[in-house]
Structure formats: structure tokens, C-alpha cells
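One structure is given here, and the rest of the page talks about it.
The values are calculated or read from the model by the stated rules, or taken from the named source; none is laboratory data. All values reported here derive from a predicted model rather than from experimental measurement. Methodologically, a virtual Cβ is constructed for each residue, glycine included, from the backbone with ideal geometry; neighbour enumeration extends over all protein chains shown.
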Amino acid sequence: MVQATPLLLVLFLALGAHGLAVKKCSLTGRWVNDLGSNMTIASVNAKGLFAGSYHTAVTATSNEIKQSPLQGSMQKSPNQKGQPTFGFTVNWSFSDSVTVFTGQCFVDEQGKEVLKTMWLLRSHVDSIKNDWKATRVGTNVFTRLQLQE
Ligand SMILES: *[C@@H]1O[C@H](CO)[C@@H](O)[C@H](O)[C@H]1NC(C)=O
Ligand SMILES: *[C@@H]1O[C@H](CO)[C@@H](O)[C@H](O)[C@H]1NC(C)=O
């Protein structure tokens, strides 16, 4: 008993410190959004640059959906406090369109990581007269994709 007490104290301190540690939001991994679109971000490098792939569940075209590459950058400034801002571009591989996303990686009140984003989708139009209708705007919320075992 005399020897067990310090061990319990160490355990208690370790668990307590763990509970207090502020969870950080990481962009790396597989995400799904409110429309059922999937996105994979491979890794974020030392400069904050990242690449990945986007599998959309929706399209503004009648073309068959294909997985498309994305490239982006994340703010690495220490002021980000574990909830970094980021932006990325999706180059749609099945259409003439490009989408840019901007957002922030948050840890919500349940400790879950969530990406709150806004996007602009630029469609190709045949002439400058149609420019006015070429850009759509929207929002998406991404959470980590949970795979069934
Ligand atoms: C997203 O991933 C899930 C799980 O792998 C899959 O069931 C779903 O069909 C995917 N959706 C798209 C749009 O790729
Ligand atoms: C963008 O998509 C086009 C059409 O699919 C492809 O030819 C081009 O290589 C892509 N560019 C990048 C940077 O992925």
C-alpha cells in the first residue's frame, strides 16, 4: 500500500493533464460533408501546403462524377491556436469548372473536429456576356469520415 500511493498519484496527474490538454484540429485524413461528398487530405507539409482528392456527391453538370485533385494551403502561424484557417482549389477532372474553398478547422464542444467552409464554383461559359451567371456560392461542413469495421 505504501508503494502504491505514489503510483496512483502519478496516474492521477497523467490522466488529469491529458484531460486538460487542448485538442488541436488537423486537416489530414478523410472527411465527409453535409452533402455526402468525400475528401482525403494526405498530409500538410512544413510550409502548410497540402494536396488531396475530392469525390463529390453532387454536380452542376450532367457529366459522370470522377474523383478530382485538390491543392491548398493552411495557415501555420502560431496565432492559429490549433484551429487553423485554410484554403484549397478543386480542379474538377470531369468538367471545365474550378471550385475554391476557404475555411477553418475547429474542435467543437464535444471535442470533434469540424471544417466550416465556404466555396465559390466557377463554371465555364462560352462568352463574356454569360459571365454574370458563371459563379455559384455555398457553404459546407465537413466531419471525419467514420468507417464501419
Ligand atoms: C464516401 O465514402 C463512403 C464510405 O467509403 C461511401 O459509402 C460513399 O459512397 C462515398 N461517397 C462519395 C460521393 O464518394
Ligand atoms: C486539372 O484538370 C485537368 C482536366 O482534368 C487536367 O488536364 C489537369 O492536369 C489538372 N491540373 C492539375 C493541377 O491537377
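Checking each residue in region 35-60 for being part of a loop (DSSP other than H, G, I, E, B), closer than 14 Å to THR99 by Cβ and free of Cβ contacts under 8 Å to residues at least 60 places away in the same chain picks out THR56, ALA57, VAL58, THR59.
Here is a yes/no grid of residues against (1) in contact with a Leu (Cβ under 7 Å, 6 or more places away or on another chain); (2) aromatic (Phe, Trp, Tyr); (3) crowded, with 16+ Cβ neighbours inside 10 Å:
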| site | (1), (2), (3) |
| --- | --- |
| LYS23 | no, no, no |
| GLY36 | no, no, no |
| VAL44 | yes, no, yes |
| LYS47 | no, no, no |
| TYR54 | yes, yes, yes |
| GLU64 | no, no, no |
| PRO78 | no, no, no |
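Could you look through region 90-110, keep only residues that are assigned to a loop (DSSP other than H, G, I, E, B) and of a type in the set (A, V, I, L, M, F, W, C), and pick out the one that is surrounded by the most Cβ atoms within 10 Å (Cβ to Cβ)? Residue satisfying both the conditions and the ranking: TRP92. For region 49-91, the tally of residues that are under 14 Å from TRP119 (Cα atoms) and among the basic types (Lys, Arg) stands at 0.
Being of a type in the set (A, V, I, L, M, F, W, C) and either within 18 Å of LYS23 (Cα to Cα) or exposed (fewer than 13 other Cβ atoms within 10 Å of the Cβ) (or both) is a description that does not apply to LEU120.
This table checks each residue for (1) at pLDDT 95 or above; (2) closer than 24 Å to ASP131 by Cβ; (3) near ligand 2 (Cβ under 9 Å from one of its atoms).
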{"residue": "SER53", "(1), (2), (3)": "yes, no, no"}
{"residue": "THR59", "(1), (2), (3)": "no, yes, no"}
{"residue": "PRO69", "(1), (2), (3)": "yes, no, yes"}
{"residue": "MET74", "(1), (2), (3)": "yes, no, no"}
{"residue": "PRO78", "(1), (2), (3)": "no, no, no"}
{"residue": "PRO84", "(1), (2), (3)": "yes, no, no"}
{"residue": "ASN91", "(1), (2), (3)": "yes, yes, yes"}
{"residue": "VAL98", "(1), (2), (3)": "yes, yes, yes"}
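Filtered by the rule that a residue be within 16 Å of ligand 1 (Cβ to nearest atom) and either in contact (Cβ under 8 Å) with a residue 60 or more places away in the chain or closer than 24 Å to PHE106 by Cα (or both), region 62-94 gives PRO69, LEU70, VAL90. Filtering region 118-149 to residues that are assigned to a strand (DSSP E or B) and touching a residue at least 60 places away in the same chain (Cβ under 8 Å) leaves LEU121, ARG136, ASN140, VAL141, PHE142, THR143, ARG144.
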